[in-house]
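**Q** Right, I'll just put the structure down here and ask away after.
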Amino acid sequence: MRRLLLSAALFALAACGQSEAPPPSNGAATAPAPAAQPPAAAGPSAEAIAAAVAALPAPYNEANYEAGRRVFAQCRSCHTIEAGGPNRVGPNLHGVFGREIGTMANFNYSPAVQQADFVWDAERLDHWLDNPQTFLPGNRMAFAGVRNETQRRDLIAYLMVATAAE
Ligand code: HEC
């Protein structure tokens, strides 16, 4: 179900990206849109992000993506999220939703994580981020947790969109 909704969100992202193209010219000498996306690294437009967030399952469809991105500052020193990004102190998180815990290649997980057996979804991530140590005792993520529920909602919505983007 969540995978399905996420696919819908990504489809929305892709669709929005395409609609960025200017309409066929009617002959008027309109200047090219200066906001045209520079190649690579630019990321999706604000409209595409808004559409992707709106397509997430509740309560994440009401999240503040920008606020979530700011909460992710707490994770950034240890985690990258882009496709093919390096592992740091923690594993790369690209595609983490729908992925079995502890399976990012070339990362040396703790025995606690290696022995855990589930697939990451929003609910599990919510518990992990609330308090990593009580959720999975013995794991090596040296992080106290994000105790504020709204911050976790925003962060998870950000991750759902950003870890799935190319
Ligand atoms: C001090 C470094 C550090 C910080 C800060 C940190 N993490 Fe981690 N994270 C780790 C480590 C190390 C692991 C692997 C834990 C293990 O093997 O026991 C991990 C594991 C994870 C996993 C499981 C990944 C997998 O492949 O199964 C997720 C999800 C995660 N972190 C998300 C986050 C998020 C989101 C934040 C910010 C709110 C965060 N982490 C902050 C170090 C960190």
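The values are calculated or read from the model by the stated rules, or taken from the named source; none is laboratory data. Quantities reported herein were computed from a predicted structural model and do not represent experimental measurements. Quick reminder, even Gly has a Cβ in these numbers, built from the backbone with ideal geometry, and neighbours come from all protein chains shown.
**Q** Between a first residue in the range 100-120 that is under 15 Å from Phe135 (Cβ atoms) and a second residue that is of a type in the set (D, E, K, R) and in a loop (DSSP other than H, G, I, E, B), which pairs have beta carbons less than 6 Å apart while being 6 or more apart in sequence or on different chains?
**A** Ser110/Arg140; Trp120/Arg99
**Q** Next question. Taking the options His79, His94, name whichever one is within 6 Å of the ligand (Cβ to nearest atom), under 14 Å from the mean Cα position of the chain (by Cα) and buried (at least 16 other Cβ atoms within 10 Å of the Cβ).
**A** Residue meeting the stated conditions: His79.
**Q** Also, I was wondering about something else. For Ala164, indicate whether it is touching a Leu at 6+ places or on another chain (Cβ under 7 Å), modelled with pLDDT under 95 and in a loop (DSSP other than H, G, I, E, B).
**A** yes
**Q** Which pairs have Cβ atoms under 9 Å, sit 6 or more apart or on different chains, and link a residue in the range 133-154 that is on the phi > 0 side of the Ramachandran plot to one that is assigned to a loop (DSSP other than H, G, I, E, B) and within 11 Å of the ligand (Cβ to nearest atom)?
**A** Close Cβ pairs (under 9 Å, with a partner that is assigned to a loop (DSSP other than H, G, I, E, B) and within 11 Å of the ligand (Cβ to nearest atom)) amount to Gly138/Ser110.
**Q** Does any residue of the range 137-157 turn out to be modelled with pLDDT of 95 or more, under 13 Å from Ala112 (Cβ atoms), within 9 Å of the ligand (Cβ to nearest atom) and part of a helix (DSSP H, G or I)?
**A** no
**Q** Residues Arg88, Arg69: which one is charged (D, E, K, R), without any contact (Cβ under 8 Å) to a residue 40 or more places away in the chain and within 20 Å of Leu129 (Cα to Cα)?
**A** Just a single option satisfies the conditions, and that option is Arg88.
**Q** Does Asp121 qualify as being at pLDDT 95 or above, more than 24 Å from Asp154 (Cα to Cα) and more than 7 Å from the ligand (Cβ to nearest atom)?
**A** In short, no.
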